[in-house]
Structures are given as C-alpha cells and as structure tokens.
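Worksheet: the structure to be examined is printed underneath.
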Amino acid sequence: MEARTGEVHVVPLRACVAREYALESPPSSSEKAPTLKPGTVFWVLAPIGEGYATVWLEDKLYVGEILCLDPTSKHEASCWAHIDDGDPPRAFERWRNHRWWVHVRTGKGLSGWVDNTEGVLTGFDACG
C-alpha cells in the first residue's frame, strides 16, 4: 500500500494570550516567529505531538506549546494562554476530535481515502 497524500480536518480552537510567549517557526520556514503579548487572540489548529500544535496568527502558521490549554489542567497559573470560548471544555473537546485522512493506493491499483486518526496505518508520517 502506498500513501499518496493526507489531510488533517480540524475545528480551530480560539485562544487568547495570558502572558508573553514566543511562538516557534515551523520547520519548513526560515521566518522568525513572533512573541505574543497578553490579549492577543490566535487559533490553535492541529496537534503535532509532544504537547505542541500548529497555531494560526495573522494569516501565518507557527508552532506553540499547548498543554496548558486543556481546561482540566491544574497548571492554570503557569499557562501562557487560555481558551477564549464561552464553554472551554466543550470547545477543547471539539478541537480534540480532529481527523487525519490518508489517500492510499493498493498494489492492485485501487485507491481511496482512509481515516487514520487512530494511527492504524504506519510509516506514512515524518516519524516513519
């Protein structure tokens, strides 16, 4: 089986900066990432692992640590941001339900989209 391409479908999570925080540039970019000031609104897109996610700000993608956005977290005082939604637990749950679709082609030439959110198919991402 060969993976041809993939898509991650997300429900963006609106968040607001609580204390100054320096975002990181994605590996594919040489652009310097901004330092966010309190009150800045941004969107958290897809988780990328190890407590980080892609962040959308002013029409650009960055990387940010998002562990503290979990509304069940007990680390609120040390968090650099909070969910900016009327119902944070519900918003966080909607965001967590992203889907990873992989377009595959079999050895017999059949092709189609497979929901690989649970990681059943392996060897198709950057980690091998």
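The 3J(HN,Hα) values that the Karplus relation (6.51, -1.76, 1.60; θ = phi - 60°) gives for region 80-86 are, in residue order, 8, 8, 9, 5, 9, 8, x Hz. Gly and Pro appear as x. Close amide H contacts of residue 117 (hydrogens built in the peptide plane, cut-off under 5 Å, sequence separation of 5 or more or a different chain): 100. Sorting 59, 84 on solvent-accessible area from highest to lowest, probe radius 1.4 Å, gives 59, 84. Database remark: amide H of residue 33 closer than 5 angstrom to the amide H of 25 (H placed geometrically; neighbours at sequence offset of 5 or more, or on other chains; Pro and chain starts carry no H).
Of 54, 35, the residue with the largest accessible area leads and the full order is 35, 54 (1.4 Å probe). Note on the chain: helix-only mean residue ellipticity at 222 nm, from DSSP H runs of 4+ residues weighted -39500 (n - 2.57) and normalised by residue number, equals -2000 deg cm²/dmol.
The values are calculated or read from the model by the stated rules, or taken from the named source; none is laboratory data. Model, not experiment: these values are computed from the prediction. For accessibility, only protein heavy atoms count, side chains too; no ligands or nucleic acids. Shrake-Rupley method; radii C 1.70, N 1.55, O 1.52, S 1.80 Å.
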